[in-house]
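The values are calculated or read from the model by the stated rules, or taken from the named source; none is laboratory data. Predicted, not measured: the structure shown is a model, and the values here were computed from it. No Cβ is skipped: glycine too gets one built from the backbone with ideal geometry, and neighbour counts run over all protein chains shown. With ligands, DNA and RNA removed, areas are computed over all heavy atoms of the protein, side chains included. Shrake-Rupley method; radii C 1.70, N 1.55, O 1.52, S 1.80 Å.
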Amino acid sequence: METTNFNQQLVSNRLVLRRITLDDAKDIFDYAVDGEVSRFVTWEQHRSIEDTLAFLNIVIQKYDNKQPSDWAIVEKQSNKLIGMCGWVYVNENHRRAEIGYVLSRKYWNQGYMSEVVSQILDFGFNTLNLNRIEARCFAENTASERVMQKAGLRYEGLLREQMIIKGSNVDIKMYAILQKEWNS
Ligand SMILES: CC(C)(COP(=O)(O)OP(=O)(O)OC[C@H]1O[C@@H](n2cnc3c(N)ncnc32)[C@H](O)[C@@H]1OP(=O)(O)O)[C@@H](O)C(=O)NCCC(=O)NCCS
């Protein structure tokens, strides 16, 4: 039986989304060590390349197990890894998934993540045949919220203190888009 490839290579105007390899550790560490980048994410700022390698091994293990995982975001022009995006989870019974993303600070506010999210939504709805794709962010993460809005996700509500992250109770905003909305 054919298995789903949740992280097949995707190409957009300026970017390639491809599988991550251990050779990407240095580029990922370069942004994951930046406290501004990790301010509104669930993971801790990386302190050493070992933190990055431990993370990469989890990503690669998921590929090996044919589970939904992350993509490297590569800028076509420079062939440089500039961030990461992927599936937080995919629930095939409910045809529902959640996406997450992060970008190196040098590349912020140039429309890159909006380009990425459009590409993933297109793949999720038209290739994986998902019905609903969600994204969540810290309530104060305006840039991430804006990415969701620009991609057509709708605000569904504030989840009060839904997570405890780095010792703090965090209010989370829930956004989602349905397949019929994406296609209309
Ligand atoms: C969130 C993030 C991925 C956005 O990526 P990006 O490529 O800069 O996003 P885009 O350029 O496509 O869009 C960003 C939008 O947010 C807006 N924005 C950025 N910072 C803002 C701020 N502080 N207040 C209000 N709007 C802001 C930009 O103006 C832009 O909107 P516009 O096109 O209407 O002008 C990037 O900032 C990042 O990696 N942050 C750290 C990790 C993170 O928070 N990940 C998301 C976890 S949920």
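Need a quick list: strands (runs of 3 or more DSSP E) entirely within the stretch 1-117 having at least 2 residues that are closer than 24 Å to MET148 by Cβ and in contact with a Leu (Cβ under 7 Å, 6 or more places away or on another chain). Write out each step before concluding.
Details: elements: 15-18, 70-75, 80-91, 96-103.
Per the criteria, 70-75, 80-91, 96-103.
Which of the numbered conditions does ILE82 fail, given that it passes all the others? Conditions: (1) surrounded by 19 or more Cβ atoms within 10 Å (Cβ to Cβ); (2) more than 25 Å from GLN45 (Cα to Cα).
Unmet condition: (2).
Out of the residues in the stretch 94-144 that are more than 8 Å from the ligand (Cβ to nearest atom) and among the acidic types (Asp, Glu), state the one that is nearest to GLY35 (Cα to Cα).
Selected residue: GLU140.
Show the residue pairs that are 6+ apart or on different chains and have beta-carbon atoms under 8 Å apart, the first residue being within the stretch 164-184 and farther than 19 Å from THR142 by Cα and touching a residue at least 12 places away in the same chain (Cβ under 8 Å), the second being open to solvent by 30 Å² or more (accessible area, probe 1.4 Å) and of a type in the set (S, T, N, Q).
Sorted first by the residue in the stretch 164-184, then by its partner, the pairs are LEU178/ASN131; GLN179/ASN129; GLN179/ASN131.
If you go through the stretch 40-74, how many residues are in contact (Cβ under 8 Å) with a residue 24 or more places away in the chain, open to solvent by 40 Å² or more (accessible area, probe 1.4 Å) and within 13 Å of the ligand (Cβ to nearest atom)?
Total meeting the criteria: 2.
Out of the residues in the stretch 22-37 meeting the condition of being open to solvent by 60 Å² or more (accessible area, probe 1.4 Å) and touching a residue at least 12 places away in the same chain (Cβ under 8 Å), tell me which one is nearest to LYS166 (Cα to Cα). Give the derivation first.
Taking the stretch 22-37 and keeping what is open to solvent by 60 Å² or more (accessible area, probe 1.4 Å), we get 22-23, 26, 30, 36.
Narrowing the set further to residues that are touching a residue at least 12 places away in the same chain (Cβ under 8 Å) leaves 22, 26, 30, 36.
Details: LEU22: 27, LYS26: 24, ASP30: 21, GLU36: 14 Å.
So, considering only residues that are open to solvent by 60 Å² or more (accessible area, probe 1.4 Å) and touching a residue at least 12 places away in the same chain (Cβ under 8 Å), the one nearest to LYS166 (Cα to Cα) is GLU36.
Residue by residue through the stretch 1-39, note down the ones that are within 13 Å of the ligand (Cβ to nearest atom) and polar (S, T, N, Q).
Of everything in the stretch 1-39, those that are within 13 Å of the ligand (Cβ to nearest atom) and polar (S, T, N, Q) turn out to be SER12, ASN13, SER38.
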